[in-house]
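Here is the structure we will look at, set down as structure tokens.
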Protein chains: 2
Amino acid sequence: MKTQHQASIKAYQSGGFIGKYQRLIKDTVIPYQYSVLNDKAPDTEKSHVIQNFINAGRVLRGEDAGDGFYGMVFQDSDAAKWLEAAAYSLSLFPDKDLEETVDKLIAMIAAAQDNDGYLNTYYTIKDKEKRWTNLHEGHELYCSGHMMEAACAYFEATGKDTLLKVMERNMEHIYRHFITEGKEGFPGHPEIELALLKMYRLTNNSHCLELAQHFINTRGENPHFYEQEKERRGWSVWNGNPADTDYSQASKPLREQKDAVGHAVRAVYLYTAMADLASSTDDKALFDACLKLWESITCKRMYITGGIGSTVLGEAFTVDYDLPGDTAYAETCASIGLMFFASRMLENDVDGIYGDICERAFYNTVLAGMQLDGKRFFYVNPLEVVPGISGSAATHKHDLPVRPKWYACACCPPNVARLITSFGKYAYGENDDTAFCHMFADGEICLENGMKFTCKTGYPYDFHIRYEIEKGGNLAIRIPAWSKTWQIAVNGQILEASLRKGYLYLPIADGDRVELTLDDTPRFQYASTKIPELTGKTALCRGPLVYCFEGIDNEDDVLSLSLKRSGNLTISAYDETLLCGSASISVDAMRCANIDGLYADTAPAMTPCKAIAIPYYTWGNRGENQMRVWMEETL
Amino acid sequence: MKTQHQASIKAYQSGGFIGKYQRLIKDTVIPYQYSVLNDKAPDTEKSHVIQNFINAGRVLRGEDAGDGFYGMVFQDSDAAKWLEAAAYSLSLFPDKDLEETVDKLIAMIAAAQDNDGYLNTYYTIKDKEKRWTNLHEGHELYCSGHMMEAACAYFEATGKDTLLKVMERNMEHIYRHFITEGKEGFPGHPEIELALLKMYRLTNNSHCLELAQHFINTRGENPHFYEQEKERRGWSVWNGNPADTDYSQASKPLREQKDAVGHAVRAVYLYTAMADLASSTDDKALFDACLKLWESITCKRMYITGGIGSTVLGEAFTVDYDLPGDTAYAETCASIGLMFFASRMLENDVDGIYGDICERAFYNTVLAGMQLDGKRFFYVNPLEVVPGISGSAATHKHDLPVRPKWYACACCPPNVARLITSFGKYAYGENDDTAFCHMFADGEICLENGMKFTCKTGYPYDFHIRYEIEKGGNLAIRIPAWSKTWQIAVNGQILEASLRKGYLYLPIADGDRVELTLDDTPRFQYASTKIPELTGKTALCRGPLVYCFEGIDNEDDVLSLSLKRSGNLTISAYDETLLCGSASISVDAMRCANIDGLYADTAPAMTPCKAIAIPYYTWGNRGENQMRVWMEETL
């Protein structure tokens, strides 16, 4: 029994800060990404994904395969994620041309589905015999999962069910393979589990639930499954190591796992499904496992930016308190997955800790994943960049100082697009009698339970949030843990109110005006002394935004700056022309003189100065320069 | 023309700190390593190196290969380095049994040499046809180089020339291949170049010089040589990338190289030979190249401990100012090679900068490479260790918190043994009329130029160095750059004296007593602000010793300590029972309170305390615990 559930994608029509991003996705990202999928974007890695669907259709019709398959084994998923983003965009901004484009793509996808419901261009074009022989590396279930998510989103947005029917047939094909025929195995890259649960909610088809449960319950029961599979199959995609069961979260049954391990995106996609299944089926033991994994991530293995996965080696979690900033991986997709996980945890238990992390991941790592103009993307989100080392040293090749256009493995850009366009689902929840405001987002909200209201705010730069109620009920507003002080007023009357697990619960009537004021004071942050990387350092935050220091604002040298612990912090006025609308913070600091050579005996002179910080999500938008989140502190 | 040259290995008979280490090598390390080479050491990686020589001899006599070859392609070099250490040990401590053991081993080696002078057990046992087809990975020249060094050392120590003759024949074989027959190529792993120059000095055989010159002059002229070789050969040892010419210092001719790049040990072995050749042949252009490479290392790419090579990826140099402490590679062998390089630079130009670095590398990284009992060894020498992360996280697997017994790739342990037993060559130099004291070492010195004196000191814990002159001449004493103040007295009379390039030059007569007093004040060290890793940090040194902080002395938590910039430093009395004879330093510090979870808003409380530091070379001798060299500093 879910305590509350995500708002539908049609519940929220946005304005403000989020709305600006959603329009950017609609106007720039979706058209650009579509041109990439069609190989029409200049100076960009070849995608071929749409051609793959066309060619798979040809093969199924008995024609030649055209120019065959090109790309990663999971290339299909790029189309699925774009399609999902386009669906969400259509729910916000109806657009006939885009809808027509999507319908055409869906027709190509439908034509690429085999009679038995199988759908995957890699295997259909290259070798039908290899179907289902390589769950470890093969990504068939992963691609199906993403297409199921797209199908649900498009149905929700438009009511059109062509793709949903395609994916139900595909689901039945998978059901037959794993359930009816009882073939052993579980997904190499978790994703379909969460997608099946989405499709279950929409279609009420019990096979979806059963299949998701099957994959979650059998995972790790036979930790040698991938090895056995490898012995049988005799072929490989990238020669992955099937014995590394931590990498794929398959070392033991999920209910026994305590540490977040392995490939970070796989981990959080899996945990998301676990949390969804726990609330869907009242599975207390599964929720307990989710709680342990949540704690492992958020109390021991997460960057202050909400980034997760410390190492490029396996794009993975490492060990507790190992959080290097300069060699961080912190993949954009992993933080998106962390938001998914948080959102599903909220369906088990309405607790402010989930919204706090969801916000942290979104306003910092997820937004940093995209350039402010929507044209370039980070896969990897370091907390420190030093040109000459970052992107150059052998250990720092993955930590780029500026965003590239597109990637051969292009999971992150479309993931950002679908997350931003569906932001309302993460910001708002509901149950029979209550509207839940997990995050603050300007816009109109119209829930299935009949409640309707408008939220007005310039958040995250404005700390006044006003709700104008059209149809009342109960309102549950998350008060962020970072807001040490806050004030709530209804119809101009300040209320004395207390929080329940981080939420303020208010009965509201039609016509009420609710005004919330949060604490806008910038805050120095301190890290656990168990994190070797961060001893002696401090970071600057304001509201949900982590700030950082870039060379361009600081004489091209942020390394020699120390922030004064008790120094003044001056917030600039919100400036529409700064980084597409932002506010900087000026901090009392000391600049350390440099020495000749590497090491010296004499303490370097320190000169007082001002250091300028900008929000982390805006870094790397003004060319290659130094960037640092965690700064030295001086007393 | 050499300004001065290394003292002969018989010039120095040691006492004091170095003597204690030399006896440890003789009593413990040489017997232990010999048992390893014979596969008789319990719980130790199989070596098989002596059996390889026996089996190669069988093959050459037309018998079967016994149990064949086992080990790395460069396994032979383990025997060579042990043999070289044994030779130096015999020059210090005559020992009939050891000499007999060495003679027997030499006989086996001689029997493993082919009629044409070829000597390498890997190729002789496995596949004679593959000789000289894989210079990139094959290590034939590397193994020959080490055996040449061993041959020179044993001849110098004992006057016995069996191995020297074997290696002269081997040299002539190589000369025929590369010079007479004009086969293209240069060593994959430089080493033979420096060995040839040693052999040249001993035998005056001009082919040695010519061959060394050839390898140095042709290296990098054809940067595609390894690639062309790979195409021709069709086999591989470890599938190395021949196009990575930085890795093997072969991207361009050596005289044009400016940055120290690639595999750090290869680099410094090569630079050593370059510097030796420059002084041997008055090659000014080559010396200029050496100077640039020296600067690249010591001014931009060296740890404070004299460690070099920042990354495990290729065991290599990375880029300027990239000096992470926790993921450091800083291989023991690389710092030994840096001492070689420094020593040969001194033969071009007597400048204190070379002795300073030589001392830094020796007293910190090289000595840290061996456990105080001589039974365990570090290959990798991090500057920070945190159990739970070090040796555990994927990026920290190589940084072990305690020394293992032996390694499959066992280059470092015998390298430490041969360095320590030949310490006198690095500490003392001479020319016709002058004795050079590059480093301070208790013992008797008897030079070829007729000078003879005794040095008495408890250095590096005692900063009084007394020279008692038996046969006089000129004395040149390096005054370390770290010694801000010093005093020199001859026969009790304090002299006003000035330094020339860091050296004090004194005419001394028979019977003179020279007394030098150096500055024993502990010093805080500060790093360039260009090193991102070290901003805000300080390290503690005294004399040549870098100090570090271990958990065992500091409540199991060094991460939360900050050192007070102007705090008191208290040096303990020298304690014979502490870490085999040492002195700790107590420092005024602050301990930072920890927080719950990962990040907090409030500045953690700081409590004054004392922090205890021990010399870096002694770390990891009291079980697994935290260790940190660079500490947070507080004002």
Just to be sure, is residue B:116 acidic (Asp, Glu), assigned to a loop (DSSP other than H, G, I, E, B) and either without any contact (Cβ under 8 Å) to a residue 40 or more places away in the chain or more than 30 Å from residue B:23 (Cα to Cα) (or both)?
yes
Given the condition part of a loop (DSSP other than H, G, I, E, B) and within 25 Å of the chain's Cα centre (by Cα), answer yes or no: does some residue in the range B:464-473 qualify?
no
Quick test for you: out of B:122, B:142, B:175, pick the one residue that is assigned to a helix (DSSP H, G or I), open to solvent by 10 Å² or more (accessible area, probe 1.4 Å) and over 21 Å from residue B:203 (Cβ atoms).
B:122
Residue B:492, sole failed condition from (1) open to solvent by 20 Å² or more (accessible area, probe 1.4 Å); (2) within 14 Å of chain A (Cβ to nearest Cβ); (3) more than 28 Å from the chain's Cα centre (by Cα):
(2)
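What number of residues within the range A:420-432 are over 21 Å from residue A:352 (Cβ atoms) and outside any loop (DSSP other than H, G, I, E, B)?
The initial filter retains those residues of the range A:420-432 that are over 21 Å from residue A:352 (Cβ atoms), namely A:420-422, A:432.
Subset that is outside any loop (DSSP other than H, G, I, E, B): A:420-421.
Looking only at that region, the number is 2.
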(1) of a type outside the set (S, T, N, Q); (2) under 30 Å from residue A:311 (Cβ atoms); (3) modelled with pLDDT under 95 all hold for residue A:232 apart from (2)
Looking at the range B:520-530, can you tell me whether even one residue there is open to solvent by 50 Å² or more (accessible area, probe 1.4 Å), facing chain A (nearest Cβ under 8 Å) and in contact (Cβ under 8 Å) with a residue 40 or more places away in the chain?
yes
Take residue A:556 and tell me if it is at pLDDT 95 or above, surrounded by fewer than 16 Cβ atoms within 10 Å (Cβ to Cβ) and out of contact with any His (no Cβ under 9 Å at 6 or more places or on another chain).
yes
Kindly establish whether residue B:597 is under 29 Å from the mean Cα position of the chain (by Cα) and either open to solvent by 30 Å² or more (accessible area, probe 1.4 Å) or more than 12 Å from chain A (Cβ to nearest Cβ) (or both).
no
Determine which single condition residue B:607 fails, assuming it passes every other condition in (1) away from chain A (no Cβ under 14 Å); (2) open to solvent by 40 Å² or more (accessible area, probe 1.4 Å).
(1)
Failed item, numbered, when residue A:622 is tested on (1) more than 23 Å from residue B:600 (Cβ to Cβ); (2) buried (at least 16 other Cβ atoms within 10 Å of the Cβ); (3) charged (D, E, K, R); (4) more than 10 Å from chain B (Cβ to nearest Cβ):
(2)
Residue A:102, sole failed condition from (1) at pLDDT below 95; (2) within 25 Å of the chain's Cα centre (by Cα):
(1)
Restricting to the range A:258-280, name every residue that is among the polar types (S, T, N, Q) and either at positive phi or open to solvent by 10 Å² or more (accessible area, probe 1.4 Å) (or both).
A:280
Residue A:548: within 12 Å of chain B (Cβ to nearest Cβ), surrounded by 23 or more Cβ atoms within 10 Å (Cβ to Cβ) and modelled with pLDDT of 95 or more, yes or no?
no
Do you know which residues across the range B:560-609 are among the basic types (Lys, Arg) and without any contact (Cβ under 8 Å) to a residue 60 or more places away in the chain?
B:591
Set A:567, A:536: member being within 14 Å of chain B (Cβ to nearest Cβ) and open to solvent by less than 30 Å² (accessible area, probe 1.4 Å):
A:567
Scan (1) open to solvent by less than 10 Å² (accessible area, probe 1.4 Å); (2) among the acidic types (Asp, Glu); (3) away from chain A (no Cβ under 14 Å) for the single condition residue B:444 breaks and write down its number.
(1)
Is it the case, given these coordinates, that residue A:200 is over 25 Å from the mean Cα position of the chain (by Cα), hydroxyl-bearing (Ser, Thr, Tyr) and part of a helix (DSSP H, G or I)?
no
Conditions: (1) closer than 27 Å to residue B:153 by Cα; (2) in contact with a Gly (Cβ under 6 Å, 6 or more places away or on another chain); (3) not in a strand (DSSP E or B). Residue B:460 meets all but one. Number of the miss?
(1)
For the range A:92-108, what are the residues that are open to solvent by 10 Å² or more (accessible area, probe 1.4 Å) and either touching a residue at least 60 places away in the same chain (Cβ under 8 Å) or of a type in the set (Ser, Thr, Tyr) (or both)?
A:92, A:93, A:95, A:98, A:101
Which numbered condition in (1) in a loop (DSSP other than H, G, I, E, B); (2) within 14 Å of another protein chain (Cβ to nearest Cβ); (3) touching a residue at least 40 places away in the same chain (Cβ under 8 Å) is the only one that residue B:357 fails?
(1)
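Out of all the residues in the range B:275-292, is one or more within 14 Å of chain A (Cβ to nearest Cβ), over 19 Å from the mean Cα position of the chain (by Cα) and over 18 Å from residue B:617 (Cα atoms)?
Looking through the range B:275-292, none of the residues is within 14 Å of chain A (Cβ to nearest Cβ), over 19 Å from the mean Cα position of the chain (by Cα) and over 18 Å from residue B:617 (Cα atoms).
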Test set (1) surrounded by fewer than 20 Cβ atoms within 10 Å (Cβ to Cβ); (2) of a type in the set (Lys, Arg); (3) closer than 30 Å to residue B:529 by Cβ - residue B:301 fails condition number:
(1)
Which of (1) surrounded by fewer than 16 Cβ atoms within 10 Å (Cβ to Cβ); (2) outside any helix (DSSP H, G or I); (3) small (Gly, Ala, Ser) does residue B:41 not meet, given it meets every other one?
(1)
Any chance residue B:312 is touching a residue at least 40 places away in the same chain (Cβ under 8 Å) and open to solvent by 20 Å² or more (accessible area, probe 1.4 Å):
yes
It is to be established whether one or more residues within the range B:61-72 are open to solvent by less than 60 Å² (accessible area, probe 1.4 Å) and not in a loop (DSSP other than H, G, I, E, B).
no
The residue from A:348, A:381 that alone is open to solvent by less than 10 Å² (accessible area, probe 1.4 Å) and either of a type in the set (Phe, Trp, Tyr) or farther than 24 Å from residue A:91 by Cβ (or both) is A:381
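The values are calculated or read from the model by the stated rules, or taken from the named source; none is laboratory data. This is a predicted model, so every value here is computed, not measured. Cβ: placed from backbone, ideal geometry, glycine included. Neighbour counts: every protein chain shown. Side chains included, ligands, DNA and RNA excluded: accessible areas come from the protein's heavy atoms. Shrake-Rupley method; radii C 1.70, N 1.55, O 1.52, S 1.80 Å.
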